[in-house]
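Where a number appears in this text, it was derived from the coordinates with a stated rule and is not lab data. Computed from a predicted structure; not experimentally measured. We place every Cβ from the backbone using ideal geometry, glycine too, and count neighbours over all the protein chains shown.
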Amino acid sequence: MRKLAHFMAFILLLETVAVAMPLGTNARAVIPSDIQQIICVDYRALRSSDTAMALKAQVLPQSLKQFEEALKSVGVDTDKDVDQLTFASYRVPKQGVRVVGVAQGLFPVKAFYKRMNLRKIKAAKYHSSFIYPMSSGMEMTFLDDNTLLFGDHSALTGALDVRDGYSTGLDSNTQMADMISNVDSGPVWSILDQQGTQNMLRSALGDAARLADYETVKKRLLASRYVMNFNSGVNFDMDVLTTDSMTAATLSSLLKAGVMYKKMNATPVEKIAMDSLTVNSDSSNLQLHFKTDDKKFQSLMHSELFAAVSK
């Protein structure tokens, strides 16, 4: 349950009160087919909420901080210039997982090129793209005046290979591509592949994973998706896609049992969190829903529990 809370703490840094931006065509065109996870964040909504900015400061993952610092190193102010930030982690056979970021917004493109010229920084050409260095060993290129692709060299060139037709892209992975349409109306959303879902749910189940022979059950997990919004309090909805209704029902029962067990010795603040979480199954989908009002969420955000799980 603690690990599930940690997973949710990362998600809860992202609030929304605005209509979401759809994933841009140029952003979609650079995402490889062997995708592990896509996380899409509407930064316009983030800036419009004091609560969201407070959460962002408190639980921002180190990897996201590095991405933001890298953007700032080339004159892009994430607090002003970025409208949407998309992260795509994808698998490369025998090489592990690579991560690229796609920023969309109104960028000072002319000022950027002037800055590079003044610093006598020359671009490296890759296919038809011009790649510039960033901080933390990252590199970047403009896909157009409003779309910036960045990451380490291998991740960046792998994404450009997709756009330029040297390797297959997201749309050839029908299961992952189809899931986007179920969540991309949300200002904060994510999709996760089979292996990533298996690992995530194992962490969420904790000790219950061993008791329930999770190694057998996990083979029936297919993928997962979530969407987050703050239209009326804090709302988080996740669907875990499985092969059949029996698997979904079994996992639902396991998670419910874990919550009940934890609640027996929970503090008042922990009970607030668990009372805000519901677990059900619908056909072959396991469904998790977290909902609470702003007042309760504020108490959670400033609690020792939240501080612990958001590290």
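List the residues, sorted by chain then number, that are 5 or more residues from MET140 or on another chain and whose placed amide H is less than 5 Å from its amide H.
Under 5 Å from the amide H of MET140 lie the amide H atoms of TYR132, MET134, each far enough along the sequence or on another chain.
Would you mind getting me the FRET efficiency between GLN195 and LYS114? Use the beta-carbon distance for r and R0 = 45 Å, nearest 0.05.
Details: r = 44 Å, r/R0 = 0.99.
Taking R0 as 45 Å, the efficiency between GLN195 and LYS114 is 0.50.
Please state the relative contact order of the range 27-168 as a whole percent: Cα pairs under 8 Å, 6+ residues apart? Show your work: numbers first, answer last.
Working: 211 pairs, mean separation 38.5, N = 142.
With pairs under 8 Å counted, the relative contact order is 27 percent.
For LYS80 and SER154 in the same chain, what is the full-extension length gain: residue separation times 0.36 nm, less their Cα-Cα distance, in nm? If you can, show how the numbers build up before the last one.
Working: separation 74, 0.36 × 74 = 26.64 nm, distance 2.85 nm.
That pair, LYS80 and SER154, stretches by 23.8 nm at full extension.
How much FRET efficiency would the formula 1/(1 + (r/R0)^6) give for THR25 and GLN287, where r is the Cβ-Cβ distance and R0 is 30 Å, rounded to 0.05? Walk me through the intermediate numbers first.
On the way: r = 31 Å, r/R0 = 1.03.
Step by step, r from the Cβ atoms, then E = 0.45.
Based on the Cβ-Cβ distance of SER167 and THR267, what FRET efficiency does E = 1/(1 + (r/R0)^6) give at R0 = 51 Å, to the nearest 0.05? Don't skip to the end; give the middle numbers.
Details: r = 50 Å, r/R0 = 0.98.
Once the sixth-power term is evaluated, E becomes 0.55.
For LYS256, list the lysines whose Cα falls under 29 Å from its own Cα; do not include residues on the same chain fewer than 8 positions away.
Leaving aside lysines fewer than 8 places away in the same chain, those within reach of LYS256 are LYS3, LYS218, LYS219, LYS271, LYS291, LYS295, LYS296, LYS311.
Could you work out how much longer the chain between MET246 and PHE130 gets when fully extended? Use 0.36 nm per residue separation minus the Cα distance between them, nm to one decimal. It would help to have the intermediate numbers written out before the result.
Details: separation 116, 0.36 × 116 = 41.76 nm, distance 5.15 nm.
Residue separation times 0.36 nm, minus the Cα-Cα distance, leaves 36.6 nm.
Output wanted: per-residue J couplings in Hz (rounded whole) for the range 166-172, from phi through Karplus 6.51 cos²θ - 1.76 cosθ + 1.60, θ = phi - 60°, x for Gly and Pro.
With the stated coefficients, the range 166-172 comes to 8, 8, 7, x, 3, 5, 7 Hz.
Loop-only trypsin sites (Lys or Arg not before Pro) in the range 62-129, please: DSSP not H, G, I, E or B, and at most 15 other Cβ atoms within 10 Å.
Working: sites: LYS65, LYS72, LYS80, ARG91, LYS94, ARG98, LYS110, LYS114, ARG115, ARG119, LYS120, LYS122, LYS125; in loops: LYS80, LYS94, ARG119, LYS120, LYS122.
Qualifying residues, ordered by number: LYS80, LYS94, ARG119, LYS120, LYS122.
If you average the C-alpha positions of the range 213-277 and of the range 137-205 separately, how far apart do those two centres end up, in angstrom?
Cα centroid of the range 213-277 versus Cα centroid of the range 137-205: 25 Å apart.
Over the Cα atoms of the range 27-168, Rg to Rh with Kirkwood Rh, two decimal places? Mind dumping the intermediate values first?
Numbers: Rg = 15.0 Å, Rh = 15.6 Å.
Reported Rg/Rh (Cα atoms, Kirkwood Rh): 0.96.
Work out, step by step, the length gained on full extension between MET260 and ASN235: first 0.36 nm times the residue separation, then minus their alpha carbon distance; give nm to one decimal. Please list the in-between numbers first.
Numbers: separation 25, 0.36 × 25 = 9.00 nm, distance 2.14 nm.
Between MET260 and ASN235, full extension yields 6.9 nm more.
Note down the Stokes-Einstein diffusion coefficient of the range 130-287 in µm²/s, whole number, using a Kirkwood radius over alpha carbon pairs, 25 °C, and 0.890 mPa s.
Working: Rh = 18.4 Å.
Rounded, D is 133 µm²/s.
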